[in-house]
Amino acid sequence: MSGKDERAPAELDPGWKSRAVQGSDLERVGIEEVCALTGGVDMWHTTPVESVGLPSVRMTDGPNGARGEIFGTSRSTCFPCGAGQAATWDIDLVYRIGKALAIEAKSKLAGVLLAPTVNIQRSPLAGRNFECFSEDPYLTAVMAVAFVEGVQSEGVAACIKHFVCNEYETHRMTASSVVDERTLREIYLLPFEAAVKTARVQAVMAAYNRLNGVFCSEHRRLLTNILRDEWGFDGVVISDWGAVHNGPAAVKAGLDLEMPGPPRHMGPHLAASVQNGSVPESVVRQAATRVARMVRSIQLSGAPVAKPGDPEGSEDSPAHRKLAREAAAKSLVLLKNEGVLPLDSANLRRLAVIGAYAEEPAIQGGGSAQVRPHAVSTPLEAITERARALGVDSTGGIEIRYARAWEPKSQIPSADPSFFKPLDEVGSRFVVEYFEDAQLSGNPVRSEAAQHASIAWAGLPEGFSLDRPFGARWRGTLQVPSSGEYVFAVAASGRSKVLLDGVEIVDNWTAPVPGGSMFGATTRERRSVVVLEAGREYSVNVEFTRDPTFEQSLPTQTPVTLVHFGLEKAERHPGLGEAVELAAWADVALVFCGTGPEWESEGFDKESMALPGDQDELIKAVAAANPRCIVVANCGSAVEMPWIERVAAALMALFPGEEFGNALADVIFGNATPGGKLPFSIPKRIEDCAVYPGLQPEGENVFYTDRVFTGYRYFDTRKIEPLFCFGHGLSYGQIEIIDCKILQLTSGDSQSQRPLTASQKSAVDKSFPATATYFGPQVAMVQATLENRGRRRGAEVLQVYVRDPQSSISRPEKELKGFVRIELDPGDAAQVQIPLESRDFSYFDTGARDFVAPSKHYEILLGFSSRDIRSRLVFRLE
Ligand code: BGC
């Protein structure tokens with residue numbers, strides 16, 4: 001043993017804790033190690049500083065499940081997506097989801113949860129709408145506060161994202177969001193401001209895009225002036241993964257941590273800038289101190305600290321499953337119901353279940369939010385089980401028949417290697433030849449054996465460089481197990497093609513079109529169908545070449561090179577015919593339609609609001625065959641519904657998580673009441689939206705010309721009727737407002753004290769947590785009595801909108817400023833109180849550089865959706 005004292009620094013230095021909490025234990029640490037702290041050590045971990053006993057902390061996505069380090073490995077509870085969480089309008093529930101996610105994050109040994117996502121659903125086409133809570137900044141802010149408080153109550157740091165104006169995916173890494181100051185403050189910054197000031201969120205993720213020309217990761221006004229100086233944020237600003245372009249500029253602007261590691265611009269790279277004086281040492285020390293402080297606070301709260309490779313757990317917790325089921329049921333929005341729901345099981349004998357989503361539901365969207373769920377409860381299984389449990393009476397119970405009707409996939413799956421002849425004893429199936437020549441001519445530079453002809457290289461294979469031409473060819477011998485039609489497909493982050501016996505059968509080389517479903521980093525897939533004979537040998541070549549000019553046009557520039565070679569037997573589904581027959585046979589036809597992770601994901605936006613494939617035709621045909629047709633729309637954002645007039649009922653199931661089936665069965669058989677409310681408007685057509693066209697950049701800029709008129713603010717102000725409005729959702733009960741009033745509170749009133757936030761309050765007061773005030777004391781209290789006059793239990797959300805009838809500046813027709821969700825049995829009544837603060841009446845005055853709320857009369861609108869206003873009160877703000 002050496003003479004060195006082996007005890008941990010903490011034991012040698014009893015004052016460690018207090019200095020560590022302040023992060024000032026870094027004072028003794030040399031600048032090199034200090035710099036290192038501003039970059040991750042790998043994909044998910046902060047850098048440890050051994051000399052002061054500062055460990056690494058692990059981070060994990062995300063908003064609907066704590067995935068852990070690697071996609072597709074350990075399992076996690078999959079909760080409803082952000083939009084689904086907001087559709088519950090249940091603050092206490094979202095608080096409990098946050099808490100559960102933190103517990104799951106800890107089981108993955110993570111101390112930071114990269115969530116919630118609080119960008120605004122500005123257009124129905126934005127790729128990550130499902131991850132975001134709402135089109136409304138107030139609803140988003142309330143949900144964000146509850147979520148963050150839930151996460152942080154467990155000692156895990158929440159990292160709210162993406163700061164700011166990342167409302168599109170295509171070109172998100174390069175585009176600049178051009179937004180005026182008032183719009184920025186009232187709409188896009190609001191959820192972040194509430195999370196910082198009210199929930200004291202510990203971390204903020206700087207977005208990929210630019211804001212008014214400057215990358216968010218280098219935006220000093222955003223990261224320092226607004227976030228820290230104005231709002232008092234004292235946590236860590238983390239870059240989105242790969243969002244840093246210039247280390248010195250980023251750290252000077254207020255960015256603390258470049259992720260992922262090893263960093264490309266900060267971390268050790270900052271040492272030279274400190275040495276040459278271009279970055280003051282104090283700036284780097286400050287950033288590192290903030291990182292250290294967060295790590296210490298996670299460590300001291302008892303949340304795990306882990307280093308790369310420490311194994312993660314995966315517990316299928318009954319409590320989390322129960323919560324996921326409650327959340328999924330409450331997130332279902334009943335759009336329309338002409339008396340068919342809940343199903344009358346006493347008179348139902350034949351139930352047709354139609355559409356692939358019944359069997360393979362879209363429980364989550366795509367991209368970094370994805371988790372590997374525990375067992376998924378599918379609608380088909382759950383409905384079948386529920387029907388069985390309802391028992392067989394003298395007439396025979398409920399018979400269920402199912403028709404899949406279509407294939408919900410936008411991409412042909414990767415070729416099964418077992419279709420190719422093995423080349424060696426380790427089972428390689430392809431020879432890959434690499435060229436430093438875009439045409440793949442001459443002899444390859446190198447060749448090797450491979451299992452697949454689909455690949456994702458970080459950059460390029462070893463030995464090749466992005467500044468020289470690069471091409472690759474996979475050669476294999478195909479022998480299919482059965483004769484028939486096969487679909488060949490190829491997509492890549494460059495030009496690609498497939499040759500069969502030397503003949504080109506798929507050409508994605510001559511005119512590749514950007515926009516595939518793999519993070520937006522490839523071309524669209526091209527396909528062709530060929531008849532193959534079983535047993536016969538075919539030579540297959542898959543060819544790929546990089547094209548730097550073409551790469552610039554891809555929706556996402558990532559450092560990853562992708563080649564996807566798809567091959568599968570062309571299956572013929574009986575499709576429409578079988579579905580129509582079943583519908584005609586049944587008493588009720590339940591049709592599932594939707595999108596899923598291939599259409600709604602990260603890196604690219606949706607191309608249209610239409611349902612993929614022939615789903616609209618399917619629904620119309622089924623509804624024509626059976627008027628008692630119920631549609632379940634399983635998608636993460638608004639879709640066109642050209643069939644809505646023809647169906648008897650429609651439910652919007654956002655991406656509801658792994659308990660979808662059980663939750664849906666609860667609702668359709670009447671064991672739970674639907675009470676979800678749309679967190680976004682469903683326009684009749686995309687052309688009706690304020691953001692049309694114009695979601696994506698013109699040149700480099702995305703102009704936020706809709707200003708403060710996002711979503712319903714636009715439809716209401718311009719008097720455009722949506723198909724279903726913001727806040728809409730039916731229930732099985734019939735809840736009415738039987739009286740309401742508004743009380744003026746003065747600063748002396750005990751009630752005007754700034755209250756606990758709703759999620760804190762709900763912990764002590766279980767009855768109907770309503771929105772609280774977030775930025776100041778209460779100035780008014782809306783009081784209402786609600787009664788259920790229906791014959792079934794019902795859920796409702798009383799929504800409070802503020803209207804400024806005579807404003808000197810242009811303001812939206814009305815804006816949501818408070819709400820409360822209640823559930824009542826028939827005949828029951830309840831009194832609810834919703835506080836308002838002066839911010840609720842204000843607009844951002846760019847001259848005063850502050851929110852101002854002129855003293856005058858305002859209208860307070862109470863209702864059950866943004867267009868179902870039941871009472872109007874007048875309030876004079878003093
Ligand atoms: C996403 C972030 C995510 C990060 C890590 C990025 O591509 O935009 O939301 O947290 O990856 O997975």
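Tabulated values for the structure
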read-out	value
Farthest toward positive dipole pole in the range 395-519 [+1 Lys/Arg, -1 Asp/Glu at C-beta], among Ile400, Ser447, Ser418	Ile400
Karplus-derived HN-Hα couplings along the range 521-538 (A = 6.51, B = -1.76, C = 1.60, θ = phi - 60°), whole Hz, x at Gly and Pro	9, 9, 7, 5, 6, 10, 9, 8, 10, 9, 8, 10, 9, 5, x, 6, 8, 10
Environment charge at Gln831 (Cβ cut-off 12 Å; Lys +1, Arg +1, Asp -1, Glu -1)	-2
Ordering of 851-860, 773-782 by packing [mean C-beta count within 10 Å, highest first]	773-782, 851-860
Residue-wise HN-Hα coupling along the range 258-272, computed from phi with Karplus coefficients 6.51, -1.76, 1.60 (Hz; x: Gly, Pro)	8, 10, x, x, x, x, 9, 10, 10, x, x, 4, 6, 4, 5
Within-9-Å neighbourhood charge of Asp234 [Cβ basis; K, R +1; D, E -1]	+4
Amide H contacts of Arg350 (H built 1.01 Å from N, under 5 Å, at least 5 apart or other chain)	Glu399, Asp587, Val588
Amide H contacts under 5 Å for Ala206, placed H, 5+ residues apart	Phe163, Ile238, Ser239, Asp240
FRET efficiency estimate (nearest 0.05) - Cβ-Cβ, Arg264 to Glu181, R0 45 angstrom	0.90
At R0 = 30 Å, FRET efficiency that the Cβ-Cβ distance of Gln286 and Asp310 yields, to 0.05	0.55
Kirkwood Rh in Å, taken over the range 759-878 so that all alpha-carbon pairs contribute	15.6 Å
Principal semi-axes in Å for the range 232-311 [√(5λ), Cα gyration tensor, largest first]	23, 15, 12
Stokes-Einstein D in µm²/s, Kirkwood radius over Cα pairs - the range 546-702 at 20 °C with 1.002 mPa s viscosity	115 µm²/s
Cα-based Kirkwood hydrodynamic radius, the range 804-867, one decimal, Å	14.3 Å
Phi-based couplings in Hz for the range 45-53 (Karplus 6.51, -1.76, 1.60; Gly and Pro marked x)	10, 7, 7, x, 10, 4, 4, 10, x
Between the range 654-691 and the range 48-108, the alpha-carbon center distance in angstrom	23 Å
Two-site label geometry, Thr73 and Val530: point separation in nm, points 7 Å out along Cα→Cβ	3.7 nm
Normalised convex hull volume, the range 362-495, alpha-carbon set, Å³ per residue	219 Å³
Relative packing of peptides 667-678, 291-302 - highest average C-beta neighbours within 10 Å first	667-678, 291-302
Three-way shape label, the range 612-692, alpha-carbon gyration tensor, a/c 1.5	oblate
Distance cut-off 37 Å, percentage of C-alpha pairs in the chain lying past it	48 percent
Alpha carbon centroid spacing (whole Å) that separates the range 297-316 from the range 570-635	43 Å
Gain on full stretching of the segment that runs from Glu568 to Lys322 - 0.36 nm per residue minus C-alpha separation	84.8 nm
Spin-label zone in the range 820-861 - amide nitrogen under 11 Å from a point set 7 Å from the Cα of Leu873 along the C-beta vector	832-836, 860-861
Kirkwood estimate for the range 85-204, i.e. one over the average of 1/r between Cα atoms, Å	14.4 Å
Principal axes of the range 411-565: Cα extent on each, largest first, Å	43, 29, 25
Ser418 versus Asp614: modelled label distance in nm, points set 7 Å from Cα along the beta carbon direction	3.1 nm
Neighbour cut-off at most 12 other Cβ (10 Å), DSSP loop, GluC sites (Glu not before Pro), the range 337-412	Glu338
Extension gain, Val445 back to Arg789 (0.36 nm per residue minus Cα-Cα distance, nm)	116.0 nm
Gain upon complete extension [Ile738, Glu338; 0.36 nm per residue less C-alpha separation]	141.5 nm
Built amide H within the under 5 Å cut-off of Val178, gap 5+	Asn212, Val702, Phe703, Tyr704
Förster-model FRET efficiency, 25 Å R0, Ser810 and Ala830, C-beta, rounded to 0.05	0.10
Nearest-20 debye value, the chain charge dipole, Cβ charges on Lys, Arg, Asp, Glu	1580 debye
Rounded to 5, the percent of DSSP beta bridges in the chain classed as antiparallel	70 percent
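Coordinate-derived values only; no laboratory data. Source: prediction; values computed, not measured. When we count neighbours, we look across all protein chains shown, and the Cβ atoms used for this are built from the backbone with ideal geometry, even at glycine.
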